[in-house]
Amino acid sequence: MGMIHPNVLREAGVDPEVYTGFAWGVGLDRLVMMKNNIEDVRHFHSGNLSFLKQFGARR
Amino acid sequence: MKISLNWIKEFTDVDLTNEQLLERINAQLGAVEETVDLSQKYQGIIISKIVDCFPHPDADRLKICLIDDGGKQKDIERNADGLVQVVCGAENARTGILVAWLPPGSTVPASFEDKQPLVLDARKLRGETSNGMLASGLELDLSDDHKGIVEIDVEAAPGDDFASKYDLDDLIIDIENKMFTHRPDCFGVLGVARELSGIQGLQFVSPDWYSEEVEQLKPTGDLPFKVQNHLKELVPRFTAASIANIEIQPSSLKMQSYLSRIGMKSINNVVDITNFMMILTAQPIHAYDYDKLKKIDGSQEVGLIVRHAEKGEKITLLNGKTIEPSSSDMMVASNSKLVCLGGAIGGTEADVDESTKNIILEAANWDMYQLRRTSMKHGVFTDAVTRFNKGQSQTQTMPVLTHTVNLLLQSSGELGQITDEHEELKQNQSLEVSADFINKRLGSNLGADQMAKIVKNVEFDVQLNQDVLSIKAPFWRTDIDIKEDIVEEIGRLYSYDKLRQTLPKRSINPSINEGNLDINQQLRLALSSAGANELLTYNFVSKKLMEITNQNIDIAYELKNALSPELNYYRTTVLPNLLEKVHANHKLGYSKFGLFELGKVHNKNETTDDLPNERSVVSFVFSADDKVDNEYQGAPYFQAKKYLSKIVGGKSDALKFTNLDTADFSSNPWLENLSKLFIGSRSALVMLHNEKLGIIGEYQPSIKRSLKLPKFCSGFELDASLLTLADSSASYKPLSKFQYSEIDVTYSVKDTPYDKLVKSIGRELKNTGLDYDLTAVDSYRPEASEMINQTFRIRLASTQRTLSAEDIKQVLERLDGALSEQLFAVRV
């Protein structure tokens, strides 16, 4: 985690003297792994129904 | 990168439990990949003294050693003097030396990670009992040496724990390299120790020798060489020293321990010290054999020349590869020959070996960008590349080389010459930043003095002028350029976790629905509501899968740096990935299922400004195995069509299904590849508003065989972006207050397509201005007739009044007239 580089803000048309921000990378899959105690990131891409059926679509 | 906690502790206190330490490293330094507790590997090894050593009566090569373990080992057979008998074959086993004894019950460290680690016991060797063994370097996993047993070379007494004497009771912490991409200093033990010190709020002090002002070494011998740097832009500093009369020998056990703990092999004293210094400081050092350089060039003065390779020049590297360097690679050459791929790896022409007597050590600074290109081009990924790639400090070559020379001279040799080639060195500039600037950005409330302390702990130079900090980063920090870098540094070392959490006060506007996301969400809901399972497969496919599924591989992008060698093509269609998952899931016990994926496809023939167009598709497969396929009526095609109707909903009427075999895909490579999956006689091209939406149907028999698909299997793949063309907004008409009239009509037609008939009826009913509802009831071909009778039920109502029989009659007459005129249909 760090600060958004002023050049990035400038390129986006935002004045870095007025606005600042933190920047960090969050892997969505990593967050889900932490939340559900999933041990292997490869499960997500496995197409294994035994895995997938444990997660229903939320409506 | 592997970090030894014991090594770290030589430079800073660590006043945390291992658990706390790992938590802090994860939060404030970098993600920990894994930890290895070495104390278990080296458990139970006792330093013992050989008190007596004599030949085995029945074996020429074996000796019987009576050892004194200080009485440490319990439950062991001892002689009258309390000594333990061990049989040993090593030549160097002799009376009086201290050795590492692996008593019965201990595990041979080299086998620690094996499936079945070797646990020692007391057993007879040619009739004499050997209680465990005396260990060699190989058995201790410290070196490759198996010729003799290790001799303890530090102050020790019988009974001492071997592991703690040699710092092998260690915790090895593997931190992800990528976390340090901007921190060249953290690729050294010193850098990580400094960080851990800072994180704990402790003042770190670098060793005296690691300093800009280093005491100039004075040569005592004579070993001349010249350095010529023709690449001053790329190699801003080249420092080298020659050492004469050095004795190549095995390193001390202590040195072997340092290297083995972080996973490096001990080779000899010279190579080991250069590796040791690299691990310690992140400054790689290369050693050349002076006499080999001299031999290459004949009578000339020994030279190290930094230059590009000339066309046709070749070099054999220490990894065994022979390469022809490109004209931009940075090389070190003797007067006539290439001897090193600069910053990456040495050549075999001038490497140090057992016969080496005189050496030149090089500590240089190589351009990180050029080195990365060189490393990728030749596939050379060494520890040196890893470090130089992060942009090492130009300042540190001299202090690190000086210390290396001093360490080597402790055991043998004389300094011949030291040369330092450089232009003006890059210096860190002082940055002025106010406490207010920092607090505003962090949302913190720290005093200027607190901030000063935080960065002083990691050896920043700080001048305080009321609330303004004037900060100069130390030479090893090449990442501090602007005020924001200081803010980050203070935030991280103070710990982001300690910052107050407040929600920003802002007015916000709802975001506008993004078309693609919106349609994807609709598709996802529709298909999962219908019981299908969403998959997320890799965007990459193997050559094999492309071939099995008849895909034209020439239009697929091939990846230069594939995740794995098998997944090296960007997919041109999604369906093969889904088909590949069908058999595996049947095997898991799922007898029927729908799978779908919302994915993107690319191909070489559809590009904009040389970039591939991205096509969003929805891909679907339905499969039922042989045990349950009798549950389904009709061909599998219709099962796929049922799911298709789920996603197009009210737009079904707008879809057209046309012949796949006669379709023209010349302008659409995606559809062309997709069509090769389907069998033409049992599939259709799906059209929507005159656009080719996708293909639905059943798969080619060869694909079904190769991927072990069951008989009942079908699916589709559609261009999701075209689905947005369909109007999804419903239009409302007020309901009629008057009663509906219901009539059944049957029209006899010859070869008019069904959908044309439906459309014509619909159009005429609409023109009446009445509310209407049209349902198909029956379709019947009387025997021996070429006409078909199509029956529909029509419900009609007016918003003005109840319809009379006359009204209905007029409507029917109107219908009859129009249909006979347009379609030669006759009402029966």
Tally up the residues in the range B:15-24 that are open to solvent by less than 50 Å² (accessible area, probe 1.4 Å) and closer than 15 Å to B:Asp37 by Cβ, please.
2
When the residues of the range B:670-716 are filtered to those that are of a type in the set (Lys, Arg) and under 36 Å from the mean Cα position of the chain (by Cα), which remaining residue is most open to solvent (accessible area, probe 1.4 Å)?
B:Arg705
Given the structure, is B:Ser470 open to solvent by less than 50 Å² (accessible area, probe 1.4 Å), more than 14 Å from chain A (Cβ to nearest Cβ), in a strand (DSSP E or B) and out of contact with any helix residue (DSSP H, G or I) (no Cβ under 8 Å at 6 or more places or on another chain)?
yes
Tell me, please, whether a residue that is within 13 Å of chain A (Cβ to nearest Cβ), in a loop (DSSP other than H, G, I, E, B) and not charged (D, E, K, R) can be found in the range B:579-588.
yes
For the range B:416-431, check the following and say yes or no: at least one residue is in a helix (DSSP H, G or I) and closer than 21 Å to B:Arg194 by Cβ.
no
Taking only the range B:538-551 into account, find how many residues are part of a strand (DSSP E or B) and either open to solvent by 10 Å² or more (accessible area, probe 1.4 Å) or away from chain A (no Cβ under 14 Å) (or both).
1
Checking B:Trp476 against (1) within 11 Å of chain A (Cβ to nearest Cβ); (2) modelled with pLDDT of 90 or more; (3) over 22 Å from B:Gly599 (Cβ atoms), which test does it fail?
(1)
B:Ile788 being at pLDDT 90 or above, aliphatic (A, V, I, L, M) and surrounded by 13 or more Cβ atoms within 10 Å (Cβ to Cβ):
no
Odd one out for B:Thr478 among (1) open to solvent by less than 30 Å² (accessible area, probe 1.4 Å); (2) within 32 Å of the chain's Cα centre (by Cα)
(1)
Given the criteria β-branched (Val, Ile, Thr), outside any helix (DSSP H, G or I) and within 14 Å of chain A (Cβ to nearest Cβ), does B:Thr573 qualify?
no
State all residues of the range B:486-537 that are open to solvent by less than 60 Å² (accessible area, probe 1.4 Å), within 12 Å of chain A (Cβ to nearest Cβ) and of a type in the set (Ser, Thr, Tyr); if no residue qualifies, say none.
B:Ser495, B:Tyr496, B:Ser528, B:Thr537
Residues that are open to solvent by 10 Å² or more (accessible area, probe 1.4 Å) and within 20 Å of B:Asp272 (Cβ to Cβ), drawn from the range B:123-142
B:Leu138, B:Glu139, B:Asp141
Exactly one condition in (1) more than 10 Å from chain A (Cβ to nearest Cβ); (2) touching a strand residue (DSSP E or B) at 6+ places or on another chain (Cβ under 9 Å); (3) open to solvent by less than 70 Å² (accessible area, probe 1.4 Å) is false for B:Glu558; which is it?
(3)
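Rundown of residues vs (1) of a type in the set (A, V, I, L, M); (2) assigned to a helix (DSSP H, G or I), yes/no style:
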residue: B:Ser623; (1), (2): no, no
residue: B:Asp626; (1), (2): no, no
residue: B:Asn630; (1), (2): no, yes
residue: B:Gln633; (1), (2): no, no
residue: B:Gln639; (1), (2): no, yes
residue: B:Lys642; (1), (2): no, yes
residue: B:Val648; (1), (2): yes, yes
residue: B:Asp653; (1), (2): no, yes
residue: B:Thr658; (1), (2): no, no
What are the pairs, 6+ residues apart or on separate chains, where a residue within the range B:811-827 that is in contact (Cβ under 8 Å) with a residue 24 or more places away in the chain has its Cβ under 6 Å from a residue that is open to solvent by 20 Å² or more (accessible area, probe 1.4 Å) and not acidic (Asp, Glu)?
B:Val811/B:Thr768; B:Leu823/B:Thr752
Answer residue from the range B:151-171, given it is under 17 Å from B:Gln256 (Cβ atoms), in a loop (DSSP other than H, G, I, E, B) and hydrophobic (A, V, I, L, M, F, W, C) and is least open to solvent (accessible area, probe 1.4 Å) among those:
B:Leu168
Please state which one of B:Asp625, B:Asp661, B:Asp629 is more than 30 Å from A:Gly56 (Cβ to Cβ) and either surrounded by 13 or more Cβ atoms within 10 Å (Cβ to Cβ) or more than 14 Å from chain A (Cβ to nearest Cβ) (or both).
B:Asp661
Is it true that B:Ser681 is touching a helix residue (DSSP H, G or I) at 6+ places or on another chain (Cβ under 6 Å), outside any loop (DSSP other than H, G, I, E, B) and among the hydroxyl-bearing types (Ser, Thr, Tyr)?
no
Mind checking which residues of the range B:333-366 are in contact (Cβ under 8 Å) with a residue 60 or more places away in the chain, in contact with a Gly (Cβ under 8 Å, 6 or more places away or on another chain) and part of a loop (DSSP other than H, G, I, E, B)?
B:Asn358, B:Trp366
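The values are calculated or read from the model by the stated rules, or taken from the named source; none is laboratory data. What you see is a predicted model; the values in this text were computed from it and never measured. Positions of Cβ are generated from backbone atoms using ideal geometry, with glycine treated the same way; all protein chains shown enter the neighbour counts. Quick note on the areas: whole protein, heavy atoms, side chains included, nothing else; ligands and nucleic acids left out. Shrake-Rupley method; radii C 1.70, N 1.55, O 1.52, S 1.80 Å.
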